[in-house]
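Here's the structure we're looking at; comments come further down.
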Amino acid sequence: MDRTNTIDEVRKAFRDAGLSIGRWAEDNHFDRQVVYALLSGRTTGERGQAREVAVALGIRQPAVAFGLNLPRPIARIVEAQGDETRNHAPRS
C-alpha cells in the first residue's frame, strides 16, 4: 500500500505554500467546513465528501474495487484547472 499524508503534513504543506485552506476548498468545489473538520480531526474522512477531501489531500487512499483503482473525482477538476488554483488575483 502506498504511504498517505498525515493531517499535520497536509497542514504544514498549506502553511509552507502560503495557501489558504478555505481557498483550496473553494477552488476544488469542497465545502470549506468539511475540509476544516477533516484537518482539525473532527471527522475521520471515512465516507461522503470528507472521504473525497481526504483522498484529494492524500490522507486516504482512493477506493479500490476488483483490484483496480477507481478514478478520484477531484483529479479531473484539478487537472482541468491546471495552474489556475495557484495564480488567483487577490480578492477585493
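Between a residue in the range 45-65 that is farther than 20 Å from Arg23 by Cβ and any residue that is in a strand (DSSP E or B) and open to solvent by 30 Å² or more (accessible area, probe 1.4 Å), which pairs come within a Cβ distance under 6 Å, given they are 6 or more apart or on different chains?
Here the result reads Pro62/Asn69, each pair linking the range 45-65 to a residue that is in a strand (DSSP E or B) and open to solvent by 30 Å² or more (accessible area, probe 1.4 Å).
Taking the range 21-44 as the search range and keeping residues that are over 12 Å from the mean Cα position of the chain (by Cα) and without any contact (Cβ under 8 Å) to a residue 12 or more places away in the chain, which one is most open to solvent (accessible area, probe 1.4 Å)?
Arg42
Can you tell me which residues in the range 1-20 are surrounded by 11 or more Cβ atoms within 10 Å (Cβ to Cβ) and in a loop (DSSP other than H, G, I, E, B)?
If the condition is that a residue be surrounded by 11 or more Cβ atoms within 10 Å (Cβ to Cβ) and in a loop (DSSP other than H, G, I, E, B), then Thr4, Asn5, Thr6, Leu19, Ser20 are the ones that fit.
Do you know which of the residues in the range 21-44 that are of a type in the set (Phe, Trp, Tyr) and part of a helix (DSSP H, G or I) is nearest to Arg60 (Cα to Cα)?
This residue is Tyr36.
Is there a residue being modelled with pLDDT of 55 or more and of a type in the set (Lys, Arg) anywhere in the range 67-78?
Among the residues of the range 67-78, not one is modelled with pLDDT of 55 or more and of a type in the set (Lys, Arg), which makes the answer no.
Of the residues in the range 45-66, how many are in contact with a Leu (Cβ under 9 Å, 6 or more places away or on another chain), at pLDDT below 90 and either assigned to a helix (DSSP H, G or I) or open to solvent by less than 80 Å² (accessible area, probe 1.4 Å) (or both)?
Total meeting the criteria: 2.
The values are calculated or read from the model by the stated rules, or taken from the named source; none is laboratory data. Only a predicted model underlies this, so the values are computations on that prediction, with no experimental measurement involved. Cβ sites come from the backbone with ideal geometry, for glycine too, and all protein chains shown count toward neighbours. Just so you know, the surface numbers come from the protein's heavy atoms only, side chains and all, with ligands and any DNA or RNA stripped out. Shrake-Rupley method; radii C 1.70, N 1.55, O 1.52, S 1.80 Å.
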